[in-house]
Amino acid sequence: MESQQPSSRSLVAAVASVFLLSFGMAACGKKAAPPPPPPAPPAAEAPAPTVTLNASPTSIESGQSSSLSWTSENAVKVELDGTAVNLNGSQPVSPTDSTNYQITATSADGRTATAAARITVSQPPPPTVAAAPTTGDIGTFDEKVRDAFFDYDKSDIRPDAQMTLQADAAFLKAHPELAVQIVGHCDARGSAEYNLALGSRRAESVKQYLVSQGVDASRITTNSVGKEQPFCTETTEDCYQQNRRGHMLKGGQ
Amino acid sequence: MKTARVLACALLMVACAAFAGAQDQANIVITGTSKFNLAVPLFPANGVAPDLQTTFNQVLWNDLYQSAVVTMVGRSLYTAAAPSGEQDLSNPAYRQQWTAAPLNIQRLVFGQMQMAGGGLVVSGYLYDVTQPPGAGRLLARRYANPATAEGARQIAHHLADDVIAALGFGPGIASSQIAFISNRSGSQEVWTMDYDGANPQQRTHLHGIAYSPRISPDGKTLAFMSKVGSGQPQIRLLSLITNRLLPFPTFKGMSTTPAWSPDGGKLAFAAQMGGPNLEIYTINANGSGLTRLTHSRGFDNLAPTWNPKPPAGSTGQIAFVSSRLGLPGIYTMNADGSNQQRLPLSGYAVSPSWSPNGLSLAFAWVRQGGGENSGASDIYIWYFGGQKYVQLTHNEQRNDFPSWAPDNRHIVFESGPPYHNQLYSVAADGSVPAQLTNRGDNEMPNWSWH
């Protein structure tokens, strides 16, 4: 089917869910700390500091993140790899190589305790090498075959669209095995019924121009979604223009 | 109920009183100034479940209020007890409790509810309380239905319509239906609902894009446009009796915007027929007799609507949308395609709906220079007699797709910000606005013929 650009809303949701996931996993993966020593009977000597450090998860792929969490007792200062941190806390980390982390807690009388945690970072599998292109750069259709844009309530090919379509035609002629579907789109204004027809005229207009540039008509199909399936939804002139287009898709989707 | 009305009023910024200034502009269909003051006390009930009483009383009140032909006087103002029977109306002192100032009640609806034979039975009466009972008795009828919420609802609708008719305002709309498009199931499908928004029902499950539902004059068939996957939009027919799709020809390219002729024998629609633009065609409902009406060479003609009351001797009249002069405008023609004339409206005008009495056209209009960039459009009514238009909605949203009710007094339309709509009904004088939908996005309403 027709490819869709991810909306900004879904990107924010994806990032938010990664954050939530990492925090949640930190809470789940926390190992039980050894029980603190029983409080010393009242005496002249201050109790010794203790600290624990955990990483969760302990194994990630390069580019992913993990979370360090720590607790301390009887400490007035805690440092994680030399940087002062809260006495108890957690922190997301995204090391690119396997790393040992060290935390140090210092008590009021200057005694210290340390703990360590290690995160192993594995590299993602290497990208599969594309087969040597034979007759078509399939992967570059989306880059090379650009959409044509229209004026309000118009389906004629304006000068900037002519240049776009001339380049599209050149690509399509160089890759005769490819078919293309042109989908006509409209902006949010006006009647949905009328816009379905306007989108159809836009798609047909693009097709006729490509044919005039030497692309075989049998390779081209047209369709219209009118004002449905918009590329953006803001009520701005910029977004309206974004939606007034003939959208080019690899045929057969 | 009252809060929802006030909200709808504010949302739509519809004039919530009779148009005073517009009377010199157009022949307004509602007799503007003198509506009967109507009292509707609660119906006493004998052995009827409380929720059925509540449903009955609420639906009856709302039907009479929404009719827009009476002035409802609130129950909190009543001083008299509801009549225990017709005999109370023989007592002039009792009638005067209603007719005296400040209530000034002129008409009274009352009755009783009871259980009989396992079902619900309602006696309903309408009296002109300014008259002695001989002259004052305008309606006395008994209604019976299963003792269910739906049964109570339907009795209230029937009684309300009988009251409207007995008051002299012709058939009411309380039992009418509205077809529309909703995406609440996840895809745009055809739905139907009662005129007041109750009982919405999904009628298609095609998982594509559905547009432009049109109920047939006999209420048994629904025509609509369906586009599934990457296929072309086509006209489909759905039986509202069997819920099955009926056969209808498909054509090369896009076919869209079907409209039934007033006798139900023909459909007008727009189709590309393999060409680049839409032209208007008519076809018999059985698929024979395809006839082309417009020849616009590259511009679209679509969205036909038939005149329900064409002049005597004519083969029929159709109004439609055409972009032959640039921005889409509204045209009329004979049903054989002759005498095509453009309405004198500049700018972007679409979605015509011909009124049941044939005298006016509701449509949606973006006036040139007035809202082209904002996307806002308003519902207008064009009156053929005076060659004038009246503006019905006055808000910042997109208002579109008006459809006349069979009482020639109400219009249903879609309204909302881009990509989100709800359905509203309103009387043609701007009174009694009501929001009919609130789940999902709802658009393209069509009011039934009866």
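All of the numbers you see were taken from the coordinates with simple rules; none came from a lab. As the structure is a computational prediction, the values presented were derived from the model and not from experiment. A quick note on method: Cβ atoms are made from the backbone with ideal geometry, for glycine too, and the neighbour counts reach across all protein chains shown.
Note on region A:139-250: antiparallel DSSP beta bridges, both residues inside, total approximately 55 percent of the bridges counted. Structural size metrics of region A:139-250, computed from C-alpha coordinates, are Rg and Dmax of 13.3, 40 Å. Considering only beta bridges that DSSP places wholly inside region B:34-166, some 75 percent are antiparallel.
Around B:Ala156, under 15 Å between beta carbons, what's the net of Lys plus Arg minus Asp minus Glu among the other residues? Once all neighbours under 15 Å are counted, the net charge is -4. How far, in degrees from 0 to 90, does helix B:2-12 lean away from the longest principal axis of the Cα atoms of chain B, to the nearest 10? The answer is roughly 30 degrees.
Taking a ≥ b ≥ c as the square roots of the eigenvalues of the Cα gyration tensor, region B:247-348 is oblate, since a/c reaches 1.5 or more and a/b is not larger than b/c. Is the shape of chain B rounded, prolate or oblate, going by the alpha carbon gyration tensor and its root eigenvalues a ≥ b ≥ c, with a/c under 1.5 for rounded and a/b larger than b/c for prolate? Because a/c hits 1.5 or more and a/b exceeds b/c, chain B counts as prolate. Note on chain B: Lys pairs 8 or more places apart or on different chains, Cα atoms under 24 Å apart, count 8. For region B:34-166, the relative contact order works out to 29 percent when only alpha carbon pairs closer than 8 Å and six or more residues apart are counted. Per the Debye formula on identical point scatterers at the alpha carbon atoms of region B:34-166, with no solvent, log10 I(q)/I(0) at q = 0.11, 0.13, 0.22 Å⁻¹ is -0.35, -0.50, -1.37. In order along region B:317-329, the Karplus-derived 3J(HN,Hα) couplings, from 6.51 cos²θ - 1.76 cosθ + 1.60 at θ = phi - 60°, round to 10, 10, 9, 7, 9, 9, 9, 5, 9, x, 4, x, x Hz, and Gly and Pro are given as x. Report, as an integer, the average count of C-beta atoms from other chains found within 10 Å of each Cβ along B:232-239. Neighbouring Cβ atoms belonging to other protein chains average 1 per residue here. Counting Cα-Cα pairs of region A:47-123 in 10 Å increments starting at 0 gives whole-percent bin shares of 22, 47, 23, 7, 0. Projected label points at A:Ala167 and B:Ser187, each 7 Å from Cα along the beta carbon direction, are separated by 3.6 nanometres.
For the protein assembly as shown, the square roots a ≥ b ≥ c of the C-alpha gyration tensor eigenvalues yield an a/c of 1.5 or more together with a/b not exceeding b/c, which makes the shape oblate. Note that region B:410-419 has calculated 3J(HN,Hα) couplings of 10, 9, 10, 7, 9, 8, x, x, x, 6 Hz, one per residue in order, obtained from phi through the Karplus relation 6.51 cos²θ - 1.76 cosθ + 1.60 (θ = phi - 60°); glycine and proline are x. Set the Förster radius R0 to 25 Å, insert the Cβ-Cβ distance between B:Leu77 and B:Ser34 as r into 1/(1 + (r/R0)^6), and round the FRET efficiency to 0.05. The value I calculate is 0.80.
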